[in-house]
Structure formats: C-alpha cells, structure tokens
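K.L.:
Got a structure for you, questions after.
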Amino acid sequence: GSVLLNASGALLHVVALRYGALTVVQPLGALTLVAAVPLGARLAGRRAGAAEWRGTALTLAGLAAILVAASGPAPDDALSAPEALAVAAVTVALMGTLAWPGARPGLRHATASGFASGVASALTQTVTVAAADRSVPVLSLQVAGVALLVAAFAAGGLLLSQTAYRGGLGAPLAVVTLANPLAAAVIGLALLGERLRGGPLGVVLALAGAGLASWGVVQLTRATPRPEAAARPEAASAGASRHAASAGAADEHPVAAVLALEPGSAAEEPALVPRRQEPGQLTAR
C-alpha cells in the first residue's frame, strides 16, 4: 500500500510540475505534516502534544508565506545537460556528507532525502518541459540521461527517508518537507529564471516564511518523544528497589538472606552419599 501511494503521488507530482513552477509546487508537500504528525503519534500509542501541533502550525505558516511570494506562471525553461550534471554532482556530494555516520542520523538522513527529492523534481520538470515543448527530442540521449538521474535521486530520496523515519515520524518528515522546497527553490531561482513576486517585499516575505518554517521544524525536533530512554530510568529504579528490599530482608531473617542470593553465588555443599565399607568390617548380610 505504501508503494502504491508513493507511486500515485509521484505521478500527480509530475503532472503538477508540468503546469506549476518549482517554487510553487514543492512547498505544497508540507500538507503531509497535517496528517502525518497525528497519525505518527497514534501509531506510537500516544497523543500528539502541544509542542508537535505548534511546530506543525509554524512550519505550515512559513511555507504558506513562501508559497505566496513564489507564485508564478507555468514553467517554460529547462536545465541544460551541463547544468543537470553539475546539480547532480553537487547533490551527490551533499548526500554523501549528510549520510556519513555521526550524531542525529535521522535528521541528517531526512535532510539528504529532502535534497534528493527536490533535485529529482527539478530534473523531472526539465523532462516534462522538453517533452511538452518538443524543444528536445523525447528519445534523445539528453532526455534519457536526465530521466536516469531522476530515477536515481527519487530512489535514493525514498530510501533515505525510510531510514530517517526509524527514529520517529514528525521531526524527520518536517525536515524532509523543508529541505525539499529549499533545494528546488535554489535551482528554480538560480538556473530556471523563476522570480519572487512583489519585489523587495516578496523577498522579505519569503525570508520570513523560511525563518518561521525553520523554527517550526526546530519545535518538532525538540518535541520528539523517546519512550525507550524514558523507560530505562524506571526499570533501573525498579531493579534498585528490588535489590534494596532483598538486602533489607537479608538483614532481618537468615532464610531470606539465602533466598536473596544471586544464582551461582552460594558456596557448594558436599553431597551426602553412603560411606563405602572397608574390607574386614562386620556387616549384616
């Protein structure tokens, strides 16, 4: 079911990229947070906390501000072959750095997944624009190479996201949701001629939205519960209580002291076996 849903979402995403700019289509992925945060909490057997709802609201509000400032016409430009290769090389280097073993692997893998998905979307838009405008033959080597890059980055982003979700859903998904439009926006603004609306005011609104969304992601990362860590102190205190109770019982009663011994800690007792009879001893026959 998960694969089918992801495939359906990918197909709809390709259609959206044909009619909308990267800076418009990518931020709409933040709508997944609305369903994923409460669903993830329910699957974990708990209720979503106030900090998680607050982080979700801040992230969505920030991305909405970016969406308003970035609204633009349908795409009419595509990445050239050298630009596509340069973007792919830089992205692979960033993904390798973020996937390197270290602290907080879930959030780093989520960031790498967001970058991979954003680049895959930019390359997908290149293929769709070339196919629609027929500026480049659909069966050309250039389109085939870009399509292979799309498949590689899409698969890599999916695997990295699944790795990131092992430590929870809310915080990694928020990081993916933020890194994805960020990478796509950089490509759209720098290489595809996309512009922010409203002039300087639009730039201020987009920066404010980015800051608000980033703060929302920080709130979600701090709100991620860790039930295993919380259970360990309770188990340790319970074990200490049992040890103290057994020690107290050992002081009060000698039988309790024997019962409180750990397995293998008591000294071995000699076995009671019949004594062998010596030669010449008178015995009853």
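The values are calculated or read from the model by the stated rules, or taken from the named source; none is laboratory data. Owing to the predicted nature of the structure, the values given are computational and were not obtained by experimental measurement. All Cβ positions, even for glycine, are placed from backbone atoms using ideal geometry, and neighbour counts span all protein chains on display. Calculation scope for accessible area: heavy atoms of the full protein, side chains included, ligands and nucleic acids excluded. Shrake-Rupley method; radii C 1.70, N 1.55, O 1.52, S 1.80 Å.
Residue by residue, here is whether (1) modelled with pLDDT of 85 or more; (2) more than 23 Å from Leu33 (Cβ to Cβ); (3) over 22 Å from the mean Cα position of the chain (by Cα) holds:
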residue: Val136; (1), (2), (3): no, yes, yes
residue: Val146; (1), (2), (3): yes, yes, yes
residue: Tyr165; (1), (2), (3): yes, no, no
residue: Ala183; (1), (2), (3): yes, no, no
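K.L.:
Are any residues in the range 19-43 open to solvent by 70 Å² or more (accessible area, probe 1.4 Å) and modelled with pLDDT of 80 or more, and if so, which ones?
P.N.:
Within the range 19-43, Tyr19, Leu28, Leu39, Arg42, Leu43 meet the criteria.
This table checks each residue for (1) within 18 Å of the chain's Cα centre (by Cα); (2) among the basic types (Lys, Arg); (3) assigned by the TED database to the domain that holds Ala183.
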{"site": "Ser2", "(1), (2), (3)": "yes, no, no"}
{"site": "Ala10", "(1), (2), (3)": "no, no, no"}
{"site": "Thr23", "(1), (2), (3)": "no, no, no"}
{"site": "Arg42", "(1), (2), (3)": "yes, yes, no"}
{"site": "Thr56", "(1), (2), (3)": "yes, no, no"}
{"site": "Ile66", "(1), (2), (3)": "no, no, no"}
{"site": "Val90", "(1), (2), (3)": "no, no, yes"}
{"site": "Leu94", "(1), (2), (3)": "yes, no, yes"}
{"site": "Arg108", "(1), (2), (3)": "yes, yes, yes"}
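K.L.:
Let me ask something additional. Give the residues of the range 44-57 that are under 17 Å from Leu28 (Cβ atoms) and open to solvent by 20 Å² or more (accessible area, probe 1.4 Å), sorted by residue number.
P.N.:
Of everything in the range 44-57, just one residue is under 17 Å from Leu28 (Cβ atoms) and open to solvent by 20 Å² or more (accessible area, probe 1.4 Å), namely Ala57.
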